[in-house]
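Take a look at the structure set out below.
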Amino acid sequence: ADRPSIAVIAGDGIGPEVVAEGLKVLDAVAGADAFDKVHYDLGADRWLRTGEVLPESEMESLARHDAILLGAVGAAPGDTRIPSGILERGLLLKLRFAFDHYVNLRPSKLFPGVPTPLAPHVTEGKEIDFVVVREGTEGLYAGNGGKLRAGTVHEVATEVSVNTAYGVERVVRFAFEHATKRRHKVTLVHKHNVLVNAGGLWRRIFESVAAEYPQVETDYLHIDAATIFMATDPARFDVLVTDNLFGDIITDLAGAVTGGIGLAASGNLNPSGAFPSMFEPVHGSAPDIAGQQKADPTAAILSVAMMLEHLGRRDEAARIVAAVNADITGRGDQVRTTSEVGDAIAARLA
Ligand code: NAD
Ligand code: IPM
Ligand code: MN
């Protein structure tokens, strides 16, 4: 059979730095020839050079890979040469929407010995190990909105959150199914006390799917209260399911409380397999530390593990997770460069 083919979009800022380490670890666990890796020149540089974000021909070619590994895209907030959102919407969100990545899977686990602001709340035997199932193709990200009387004192700007019964049900169902392979608990996070239309739909669908899973415990939290428990008692969570924007926000917080955003991996999944799924760190291009070998590549490395798992290569995925686990548990206060971290994890796999 042909080798599986991976599209690599290293992107901007720390993206290429962390992706290099992800690929180093991939080669260490699977062998350098196990995958065909095709690099795509996409992101800020390409846009500045050619004015192109993601041409249709490249979309078509991306669709033919078995998976996509992405670093990060996006300019520094102060970079006025690149309009805000052009890369995020035109590249990242375009891929998530076009490839129907309706499950954005974002696991968090606090490894022993990892520094966390939660330290006072971490108790023996109360494991912090949860996963956010973030809806990836709807909500406030749908691009449904506009502006009236732009630039005047009477300007009105709207972004309308799109929530379809079809879209909500499939992601809620995924969350319940996923919980049956874990600790059998799903928490819906929304804000149905204010967002009565969308929240009402999520709540009704959540309850009807829950009825099919009597062995799964359910819980509900409004998003604001969810951030409290994420910061004070994340051990209460197993699977959380939520919409696109709430899921974006709560997963940065989840990363921060479980050892830092540099450890948080994610998968944008198309469970049907009709399109390639895409794996990427939760973090962005981190312009404040880019080019300095300061970024933690662990999130990118764990994203490679999620990619291998998705491709059915469980054993290699588990070996990476074990190597990462051993590495981060022994980190203490040592300061290492991005490539030193990748080297150390790769060495454990050799
Ligand atoms: P960010 O995640 O890039 O950075 C937030 C903070 O976390 C910064 O202080 C950064 O230095 C730190 N950080 C991030 N990754 C780290 C790592 N691996 N190791 C150590 N520290 C790390 O978020 P931001 O500053 O809001 O966004 C910067 C740019 O990235 C923006 O253009 C944004 O749109 C884009 N972005 C892209 C993605 C993506 O491509 N998936 C995700 C988030 C943000
Ligand atoms: C993420 C990012 C993206 C999002 C942006 C860059 C479009 O923050 O992957 O979490 O909001 O989904
Ligand atoms: Mn985000």
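Per DSSP H run of at least 4 residues, take -39500 (n - 2.57); add these up for the chain, divide by its residues and hand me the 222 nm value, nearest 500 deg cm²/dmol.
Working: 11 runs with 130 residues, N = 350.
Roughly -11500 deg cm²/dmol at 222 nm, from the helical runs in the chain.
Which whole-Hz couplings ³J(HN,Hα) result when phi for each residue of segment 28-33 is put into the Karplus expression 6.51 cos²θ - 1.76 cosθ + 1.60, θ = phi - 60°, listed in order with x for Gly and Pro?
Once rounded to whole Hz, the list reads 5, 7, 10, x, 5, 9.
Taking only the alpha-carbon atoms of segment 116-258, what semi-axes of the equivalent ellipsoid follow from 5 times the gyration tensor eigenvalues under a square root, in whole Å, largest first? Display every interim value, and only then the final one.
Details: eigenvalues 176, 83, 25 Å².
In descending order, the three semi-axes are 30, 20, 11 Å.
Can you tell me which of L188, L95, L54 moves the most in a GNM of the chain? Springs connect C-alpha atoms under 10 Å apart.
Ranking L188, L95, L54 by mean-square fluctuation puts L54 first.
Quick one: among G13, G247, G31, which has the greatest mean-square fluctuation in a GNM of the chain with alpha-carbon springs under 10 angstrom?
Evaluated over the chain, the most mobile residue of the options is G31.
Taking the Cα atoms of the chain, what is the range of coordinates along each of the three principal axes, in descending order and whole Å?
Computed over the Cα atoms, the extents are 54, 53, 44 Å.
Can you return the lysines within cross-link range of K294? Criterion is Cα-Cα under 28 Å, with same-chain partners fewer than 8 residues away left out.
K24, K37, K109
Would you kindly derive the ³J(HN,Hα) couplings of segment 147-152 from the backbone phi angles with the Karplus curve 6.51 cos²θ - 1.76 cosθ + 1.60 (θ = phi - 60°), listing them in order in whole Hz, with x for Gly and Pro?
9, 10, 6, 4, x, 9
Under the Karplus relation 6.51 cos²θ - 1.76 cosθ + 1.60, θ = phi - 60°, what is the ordered set of whole-Hz ³J(HN,Hα) values for segment 321-327, x standing for Gly and Pro?
So the J values, rounded to whole Hz, are 4, 5, 5, 5, 4, 5, 5.
Order the peptides 137-147, 17-27 from the highest to the lowest mean number of other Cβ atoms within 10 Å of their residues.
Numbers: 137-147: 16.9, 17-27: 24.5.
Peptide ranking by packing, descending: 17-27, 137-147.
Taking the beta-carbon count within 10 Å as an exposure proxy, list T116, T80, T298 from fewest neighbours to most.
Values: T116 17, T80 9, T298 27.
Placing the least packed residue first, the sequence is T80, T116, T298.
Only loop residues by DSSP count here, and only those with at most 10 other Cβ atoms within 10 Å; note down the trypsin sites (Lys or Arg not before Pro) in segment 284-350 that meet that.
Numbers: sites: K294, R313, R314, R319, R331, R336, R348; in loops: K294, R313, R331, R336.
Those that pass, being in a loop and sparsely packed, number zero.
Every number in this text was worked out from the coordinates using simple rules, so none of it is lab data. Remember, predicted model here, so these are calculated numbers, not experimental data. As a convention, Cβ positions derive from the backbone with ideal geometry for all residues, glycine included, and neighbour counts pool all protein chains shown.
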